[in-house]
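I have placed the structure first, in the form of structure tokens, so that the comments after it can refer back to it.
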Amino acid sequence: VLEIVGLTDAGRRRVDGYSLGMRQRLALAAALLGDPQVLILDEPANGLDPEGIAWLRQFLRRLAAEGRTVLVSSHILSEMQQLVDRVVIIHRGRPVHEGPLTDLPSAPAQVSVRSPQATELRLALEQATTNATSVRQLGPETLTVAGLASADIGRLAHRERIELHELAAHQGDLERLFFALTKGADHGAGRE
């Protein structure tokens, strides 16, 4: 089992000399001792360096490929988005979404816009859209727009004869979706 988690060379060393990452690997080894079909892991990437996190990702995928169920609890949502195929989002102890990662409703997307007429475009967008649309001017030629599709921005710019140099949609990520589903409650307040 130590070989499976990459601790063969450390097998004869005292555990109190292990780094936090090595202790995480040792905990994984202990969890595998009974050859379980279901593993429940709480923050397994805690204490791992980037190489260890990449190893963990591959390790957990291999366990899943063997037909095991691996349930992971984590606050590192960007890492979970790369790892999982199903997600449960819990807010204040209650699930607010459960299902395949691919079926998640889209998080609020943002569109980056670069135009020599950014101010005119910002004003046109503010007049033509609802309060659900957020338009921020980041510089003399740069805007970010949330709540409006890039095609709609392009159509409005065309109609108003506003020149566009760049129009790029950025899909929402799991973290943005989490905050959208929980309405950003307790963000940064240290509450779980």
After finding the eigenvalues of the alpha carbon gyration tensor for the chain, what semi-axes result from the square roots of 5 times each, listed largest first in whole Å?
46, 18, 15
Rounded tilt (10° steps) of 150-159 against the dominant C-alpha axis of the chain
10
I'd like the distance separating the alpha-carbon centroids of region 154-176 and region 57-123, in whole Å.
22
Using only the alpha-carbon atoms, how far is helix 118-128 inclined from the longest principal axis of the chain? Give it as 0 to 90 degrees, nearest 10.
90
Separation in nanometres of the label points that stand 7 Å from Cα toward Cβ, at L71 and E126
5.0
Normalised contact order of region 71-150, rounded percent, pairs of Cα under 8 Å and 6 or more residues apart:
24
Based on Cβ point charges of +1 for Lys and Arg and -1 for Asp and Glu, what charge dipole magnitude is obtained for region 43-101 about its Cα centre, in debye rounded to the nearest 20?
240
Assertion target for R161, R23, R155, ordered by fewest C-beta neighbours within 10 angstrom first, is R161, R155, R23
In degrees between 0 and 90, to the nearest 10, how far off the longest principal axis of the chain does helix 50-65 point, with axes built from Cα atoms?
80
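A short reminder: the numbers here are calculations on the coordinates, not readings from a lab. Since this is a predicted model, take the numbers as computed values, not measurements. Heads up, the Cβs are rebuilt from the backbone with ideal geometry, glycines too, and the neighbour counts pull from every protein chain shown.
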